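Participant: Dumping the structure here so I can ask a few things about it.
The values are calculated or read from the model by the stated rules, or taken from the named source; none is laboratory data. This is a predicted model, so every value here is computed, not measured. Neighbour counts are summed over all protein chains in view; Cβ atoms, including those assigned to glycine, are modelled from backbone coordinates with ideal geometry.
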Amino acid sequence: MAGKERLFTTQGLILKSKPFGERDRLISLLSPGRGKLTCVAPGARKTKSSLAALVEPFTYGNYLMHQGRNLYTIRQADIITFFSRLRNDLESYTFASHICQLVDDVVEDDGGQIRELFKLLYRSLLFMEKGAAPALIGLAFHFKLLKLLGYAPHLAGCLHCGREASIYYLHVEEGGIVCFNCLKSADSSSYLSQGSLALARLLLKGNWAAINHLKLNEEQYKELSFFSRVFLQRWLGVENFKAFNFLEKLNRT
């Protein structure tokens, strides 16, 4: 009876997959009802394995699991969404990998129900799959992740005086924007243009349909990328931005 209780089915989205031993793969899977599960996919490194294609990153499916002492084991799987476009476009693949890695970094194993975070990740991947600009979706994910986890930057007027101003500075340590008159230290702040601020507000609170129609120029992308990165680093302790660094190098060549 105890063995049967350890067998269960869950929907999940593969965050990452890496070799484990000679035949298996070690999987990080995000389940809306059970949190992040670290799983073994037996034999999945073999090309003829029935699990090989079912444990690729960005795969969303139904998984039959066995709960072991330290790890879960995937026994069977059925695909719900494969996200094929993300695998065939370098920019989409890189941003999709980045946001999956972000989730893997901030969610603890067996963290319980994380339905809203799961929805955020799934919708982000789905919009990229449908052709939305990966850079825009990546930034939206940054802002919405901060909001979801309780670290949304203050963007509604100056943090100190509360007034609307024509010039704002981003102050990471204080958690938002300050006007020029209230700015105390140029060393811990950076200028934020009106256009970038307006976009940041929409990325933070706007729905996906509205975000999908936004236009993002190169200067705004640089400002908002810096903005979201330093917030993620300061408030969530995230340090892994390899995907963004890779894309920046790629665009310079």
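Participant: All but one of (1) closer than 23 Å to Leu120 by Cα; (2) surrounded by 18 or more Cβ atoms within 10 Å (Cβ to Cβ) hold for Tyr168; which doesn't?
Facilitator: Of the numbered conditions (1) closer than 23 Å to Leu120 by Cα; (2) surrounded by 18 or more Cβ atoms within 10 Å (Cβ to Cβ), the odd one out for Tyr168 is (1).
Participant: So Leu126 ticks every box in (1) assigned to a helix (DSSP H, G or I); (2) touching a residue at least 60 places away in the same chain (Cβ under 8 Å); (3) in contact with a strand residue (DSSP E or B) (Cβ under 8 Å, 6 or more places away or on another chain); (4) not β-branched (Val, Ile, Thr) but one. Which box is left unticked?
Facilitator: So the condition that Leu126 fails would be (2).
Participant: Something else: Report the residue count in segment 93-125 for those that are over 13 Å from the mean Cα position of the chain (by Cα), modelled with pLDDT of 90 or more and not β-branched (Val, Ile, Thr).
Facilitator: The qualifying residues number 1.
Participant: Please tell me if Gly21 is loosely packed, with under 13 Cβ neighbours inside 10 Å, at positive phi and in contact (Cβ under 8 Å) with a residue 40 or more places away in the chain.
Facilitator: Here the answer is no, as Gly21 does not meet what is asked.
Participant: Also, quick follow-up: Check off (1) of a type in the set (D, E, K, R); (2) modelled with pLDDT of 90 or more; (3) part of a helix (DSSP H, G or I); (4) out of contact with any helix residue (DSSP H, G or I) (no Cβ under 6 Å at 6 or more places or on another chain) for Glu223 and give me the number that stays unchecked.
Facilitator: Of the numbered conditions (1) of a type in the set (D, E, K, R); (2) modelled with pLDDT of 90 or more; (3) part of a helix (DSSP H, G or I); (4) out of contact with any helix residue (DSSP H, G or I) (no Cβ under 6 Å at 6 or more places or on another chain), the odd one out for Glu223 is (4).
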